[in-house]
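The values are calculated or read from the model by the stated rules, or taken from the named source; none is laboratory data. The model shown is predicted, which means the values in this text are computed figures rather than measured ones. Counting neighbours? That spans all protein chains shown, and the Cβs are built from the backbone with ideal geometry, glycine included. Quick note on the areas: whole protein, heavy atoms, side chains included, nothing else; ligands and nucleic acids left out. Shrake-Rupley method; radii C 1.70, N 1.55, O 1.52, S 1.80 Å.
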Amino acid sequence: MLTDLGAQVIKVEPPSGDMTRFTYPRVNSQSTYFVQQNVGKLNVSLDMDKPAGVEVATKLIEAADVVVENFRPGVMKRLGLDYPQFKRTCPRLIYTSISGYGATGPWTSRRAYAPVVNAETGITKHQGDVRGGSYANDPHSHGDVYTAVETASAILAALYQRERTGRGQRSEEHTSELQSPDHLVCRLLLEKK
């Protein structure tokens with residue numbers, strides 16, 4: 001979304017590549033899902049388990065206006081790439097963390113995938129109810145899409161505030177929380193029928 005608005009986006013992938021590069025369907029040997037989610041982005045492959053990879057990531061962060069990371073809470077701190085490491089030296093930096101279940105609480109360390117979050121928030125059940133009892137994973141990955149929309153909105157608001165104040169900030173987005181309002185809307189719509 002941010003590339004569509006003119007941002008230069010550099011996506012950091014592991015040496016093995018983003019796992020969605022290998023999904024189907026494919027056109028001209030490329031995953032259609034990967035292309036749709038990453039069109040317009042520049043890509044760099046970094047091994048974050050090696051000091052050289054962390055060093056390159058540090059340089060990228062220091063040169064960036066915005067950082068978006070979606071590791072589980074604590075990983076960026078362990079790598080020395082968390083917001084407090086850059087707040088003083090990069091005071092205009094907008095640093096956004098996306099996690100499945102937030103930075104505190106009993107599920108902090110859980111990995112989150114859209115189908116799991118859809119089931120946990122009730123979306124899968126309600127969509128199945130509408131389909132007459134046919135319960136299946138939604139192929140549209142609502143959890144990822146809604147999180148991306150909310151994250152882009154938070155980044156745009158932070159950029160606007162930075163223009164007014166000269167200061168960057170940190171924001172956090174949680175896929176499970178962003179799915180809950182959608183679940184409630186689905187329920188209300190179903191109850192009205």
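Observations, loosely collected:
- Single condition residue 129 does not satisfy, out of (1) surrounded by fewer than 19 Cβ atoms within 10 Å (Cβ to Cβ); (2) at pLDDT below 85: (2)
- Of all the residues in region 71-85, those that are of a type outside the set (S, T, N, Q), over 20 Å from residue 161 (Cα atoms), part of a helix (DSSP H, G or I) and open to solvent by 40 Å² or more (accessible area, probe 1.4 Å) number 2.
- Region 1-30, subset of a type in the set (D, E, K, R) and closer than 18 Å to residue 148 by Cα, residue most open to solvent (accessible area, probe 1.4 Å): 4
- Filter pass, residue 49 being surrounded by fewer than 17 Cβ atoms within 10 Å (Cβ to Cβ), part of a loop (DSSP other than H, G, I, E, B) and either at pLDDT 95 or above or of a type in the set (Ser, Thr, Tyr) (or both): yes
- Applying the set (1) part of a loop (DSSP other than H, G, I, E, B); (2) open to solvent by 50 Å² or more (accessible area, probe 1.4 Å) to residue 33 leaves exactly one unmet item: (1).
- Leading residue by the ranking (nearest to residue 74 (Cα to Cα)) among those in region 132-148 that are in a helix (DSSP H, G or I) and open to solvent by 50 Å² or more (accessible area, probe 1.4 Å): 144
- Residue identified as surrounded by fewer than 18 Cβ atoms within 10 Å (Cβ to Cβ) and either within 15 Å of the chain's Cα centre (by Cα) or assigned to a helix (DSSP H, G or I) (or both) among 92, 111: 111
- Region 61-70, subset open to solvent by 30 Å² or more (accessible area, probe 1.4 Å) and touching a residue at least 12 places away in the same chain (Cβ under 8 Å), residue farthest from residue 174 (Cα to Cα): 62
- The residue pairs whose first member lies in region 140-152 and is more than 17 Å from residue 170 (Cα to Cα), whose second member is surrounded by 19 or more Cβ atoms within 10 Å (Cβ to Cβ) and acidic (Asp, Glu), and whose beta carbons are closer than 8 Å, counting only pairs six or more residues apart or on different chains, do not exist in this structure.
- Looking only at residues of region 149-178 that are surrounded by fewer than 19 Cβ atoms within 10 Å (Cβ to Cβ) and of a type in the set (Gly, Ala, Ser), we find that the one that is nearest to residue 70 (Cα to Cα) is 171.
- The residue pairs whose first member lies in region 117-134 and is over 25 Å from residue 98 (Cα atoms), whose second member is part of a helix (DSSP H, G or I) and among the polar types (S, T, N, Q), and whose beta carbons are closer than 9 Å, counting only pairs six or more residues apart or on different chains, are 127/118; 134/127.
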